[in-house]
Amino acid sequence: MPCSEFTDLLSAFHDGELPLDRKVAVADHVAACPACSAKLLTYQKLSGMAAYLNDSLPPANMWSNIDTKLNSQPAVFAQPAVKLQPWIASKVVATATLVAMIGIAFVAYMAWPMHGDHHVAVNLGPFIDIFERSPMEAQQHLRDTYSGQKTHISAAMTQLKYSPVVASGLPPEYAFEEASLLQMPCCRCLEACYRRAAGGVLCVFEHERDDFVKFGEREVSAIDCGGRPTRVVDMDGRLAASWSKSGRFITVIGAQDVGEVTRLMRHFEQHDQVKR
Amino acid sequence: MRAPSDLDLRTGRPSEEIAPPLITEPIDSLISRSCKGDRDAQQQIYERHHGSAYRLLIRMVGHTDAADVLQEVFLQVFRTLNQFSGKSQFETWLYRLTLNQALQYLRQRRRSRWTTLESDLMDRHADQTSRMEDKELLECALARLEPDLRASFLLREVEKLSYSEISKVTEVPEGTVASRLNRARQLLKEHLMELGWDQ
């Protein structure tokens, strides 16, 4: 195993969180590698320093402040115990059972795979949170969360049984980094990650179904982008944008501006025309 | 001469000098009473758990604002305690609530997030003309980390949570916890070197 792969394991090794076989492998490597050994020593020193962070107490009057605030709030703790007459209770039980049965039937109907209105929204909010800080860590998060695996786009095409919009590549200013095939709650999804020549990372998601994608608690704006209704979200100076295309759903994360989203849309349209 | 039976066998000190063991009420009993609005039970929960929540908040939002956020955390604890299902440990639930409150606070002051926290620390150490001690250096380096990385590091190194527990608190998979900690440690080393850390 190359040294770089051990480097990724050093932190978990230091924390005693590796399974035994890996622990032994890392220990053997560290014994023979001065660079990794030095890194491990740094982690040990950091732990030593962190031990001194265990020292702070809040102001002494904190509880009395909380107590005062609790007193000023209406009591919501005790639920009134309502005793029902037996005949009312039986009607309540019957109604509740009926409502529950209707609910179960509705859920089953909506979840039936062949049903056209099958909606299980995917929430990309947590992914964007991590992406803003570390796009490559966000890739790992996706794979961890959605039983994903790294793939080549050509290999993904065989599994997906359609040609995704990224199949013929992005414009030359984007260099392909990696792609993942994900099992999202709604459907399978191909996610491809690119690095711009001018800097920054851009990800393209393509969901098999034309479903709704959520962006956590971020405010979503609906705009017309190149003549196509598009949902756009601000993500710390960058954009996330999603739009429906040929019965599937395209989402771009990390776009610089609406202009870049429009250019990508046009590029994907051209890809479709070439395919036909 | 004191008879051997008058001595505590463990410490060798006279028995009457040993304080009787404190009988602490189980947390589920305290929770049950708190849900009914029992202020004494609520205070006991606060007394037992405010230390860890405050420690985390100081490094997440800074000394200046930690007390205000702590107050919000415990008000929310007592407002929502009846939603605590008992599936996870109470401590895990409280850490999650504390962290969420801290992150919400940081989002609100997003424009100046770490600069505020770091300047808060610099103000506290402004009177120190000599080289900052290791603890202060680490606090400054931590303030430069993104909140997710900082939280993972604090939960592991200060609160001594396992990866599995951190995963439950931060609601991300254990693999993400591992990569966050790895990244946090690498960045901390870089920031410490910039701050003049002499390994």
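Check whether at least one residue in segment B:98-110 is within 18 Å of the chain's Cα centre (by Cα), in a loop (DSSP other than H, G, I, E, B), within 27 Å of B:Lys160 (Cα to Cα) and modelled with pLDDT of 85 or more, and report yes or no. The answer is no; no qualifying residue exists.
Across segment A:136-170, the number of residues qualifying as touching a residue at least 24 places away in the same chain (Cβ under 8 Å) and basic (Lys, Arg) comes to 2. Residues of segment B:143-199 that are more than 8 Å from every other protein chain (Cβ to nearest Cβ), over 20 Å from B:Leu57 (Cβ atoms) and among the hydroxyl-bearing types (Ser, Thr, Tyr): B:Ser164, B:Ser167. Being exposed (fewer than 12 other Cβ atoms within 10 Å of the Cβ), at pLDDT 55 or above, among the aliphatic types (A, V, I, L, M) and assigned to a helix (DSSP H, G or I), is that true of even one residue in segment A:120-128? Taking every residue of segment A:120-128 in turn, none turns out to be exposed (fewer than 12 other Cβ atoms within 10 Å of the Cβ), at pLDDT 55 or above, among the aliphatic types (A, V, I, L, M) and assigned to a helix (DSSP H, G or I).
Of the helices (runs of 4 or more DSSP H) lying entirely inside segment A:1-77, those containing at least 3 residues that are within 12 Å of chain B (Cβ to nearest Cβ) and at pLDDT 85 or above are A:3-14, A:34-50, A:62-72.
Take A:Met136 and tell me if it is modelled with pLDDT under 55 and at negative phi.
Answer is no for this residue.
Note on segment A:129-147: residues that are small (Gly, Ala, Ser) and buried (at least 21 other Cβ atoms within 10 Å of the Cβ) total 1. The residues of segment B:39-68 that are β-branched (Val, Ile, Thr) and within 10 Å of chain A (Cβ to nearest Cβ) amount to a single one, B:Ile58.
Yes or no: A:Ser37 small (Gly, Ala, Ser) and surrounded by 11 or more Cβ atoms within 10 Å (Cβ to Cβ)?
Here the answer is yes, as A:Ser37 does meet what is asked.
Go through segment A:164-193 and count every residue that is crowded, with 18+ Cβ neighbours inside 10 Å and polar (S, T, N, Q). Selection size over segment A:164-193: 1.
The values are calculated or read from the model by the stated rules, or taken from the named source; none is laboratory data. If you're wondering where the values come from, they're calculated on a predicted model, not measured in any experiment. All Cβ positions, even for glycine, are placed from backbone atoms using ideal geometry, and neighbour counts span all protein chains on display.
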